[in-house]
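Here is the structure we will look at, set down as structure tokens.
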Amino acid sequence: MGNTLKTGLLLAVLTVLFVAVGNAVGGQSGMLTAFAFAVLMNVGAYWFSDKIVLRMYRAQEVSEAEAPQLHAMVHRLATAASLPMPKVYLLPSDSPNAFATGRNPAHAAVAVTQGIMRILTPDELEGVLAHEMAHVKNRDILIGTIAATLAGAVMMLARFAQFAAIFGGGGRDREEGGGGLGLILMAILAPIGAMLVQMAVSRSREYQADASGARFCGRPESLARALEKIAAASSRVPLEASAATAHMFILSPLSGKGMMSLFSTHPPVEKRVERLRSMRVAA
């Protein structure tokens, strides 16, 4: 229920933001146009956000014949977690990472990069896949995917407001000029977009997915070693990722990049590894 409420809140906030900017740069007609566009965005975010994210990273679905070991791992974990078999995707990137997406467990997808397939052992890769299947089991994937889509839309909206302010757009059916207000909105909308993602995706969810994933695969140490390897390799071969989607990955592609580290949706790798290894000791 918590994620359902968060999803509804994100969609409502997006609508308000679109209408506010539409009113600022186009008056009443702009407000109506923005409202219509927001409704379309809401529908699209729910039904197609997973496809948008997969396309953004040029992910290609792979069949069982093309990736038998990968499919076997995902199938084994889906059975252990009592979940339907998700679709399996491969990202054409040398940077090691992975994420899950989809609006519910029946329409889920698990995506891994070519890089992660190369650097991890089968046990470590299964630990990563177990983490992603835990996000599916915990129903984190809808809110995470919608948050990514909406954050991108808000950033686009902020740029539109800036463009309108610079060139004096809108304001005909407003008594006061819309340009100045549009510029102000532009200045605050980008941080709001980032904050929406941070509010929607908390660090505690990563700890929970680590713990659940470790139970699914039965080897907390495998996931701990995988996280260490991914962190080390990612610093050498970073993944070019949007800030709006960084929270979806098992390890944030933006970690350690200046100010972005202050707003990371992921806990420090060292703390995640420590928790996983304490599970092994306690077992």
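I need the full set of residues from segment 62-75 which are in a helix (DSSP H, G or I) and touching a residue at least 12 places away in the same chain (Cβ under 8 Å), in order please. Write out each step before concluding.
Our first condition is that a residue be in a helix (DSSP H, G or I); within segment 62-75, this holds for 68-75.
Correct list: Gln69, Leu70, His71, Met73, Val74.
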| note | The residue that is nearest to Gly213 (Cα to Cα), considering only those in segment 85-109 that are touching a helix residue (DSSP H, G or I) at 6+ places or on another chain (Cβ under 8 Å) and of a type in the set (D, E, K, R), is Arg103
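Residues of segment 204-231 being among the polar types (S, T, N, Q) and in a loop (DSSP other than H, G, I, E, B), which ones?
none
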| With respect to Ser234, is the statement that it is more than 30 Å from Met156 (Cβ to Cβ), at pLDDT 90 or above and in a helix (DSSP H, G or I) true? | no
| request: Determine whether segment 76-83 contains at least one residue that is assigned to a helix (DSSP H, G or I) and buried (at least 22 other Cβ atoms within 10 Å of the Cβ). | output: yes
| request: Identify the single condition in (1) more than 26 Å from Ile146 (Cα to Cα); (2) assigned by TED's automatic domain parsing to the domain that holds Phe160 that Val43 does not satisfy, given that it satisfies every other one. | output: (1)
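So that you can scan it fast, the table gives a plain yes or no per residue for (1) buried (at least 23 other Cβ atoms within 10 Å of the Cβ); (2) part of a strand (DSSP E or B); (3) out of contact with any His (no Cβ under 8 Å at 6 or more places or on another chain):
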residue: Leu90; (1), (2), (3): no, yes, yes
residue: Ser93; (1), (2), (3): no, no, yes
residue: Ala111; (1), (2), (3): yes, yes, yes
residue: Met117; (1), (2), (3): no, no, yes
residue: Asp123; (1), (2), (3): no, no, yes
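The values are calculated or read from the model by the stated rules, or taken from the named source; none is laboratory data. All of these numbers come straight from a predicted model, not from anything done at the bench. For neighbour counting, all protein chains shown are included, and Cβ atoms are generated from backbone atoms with ideal geometry for every residue, glycine included.
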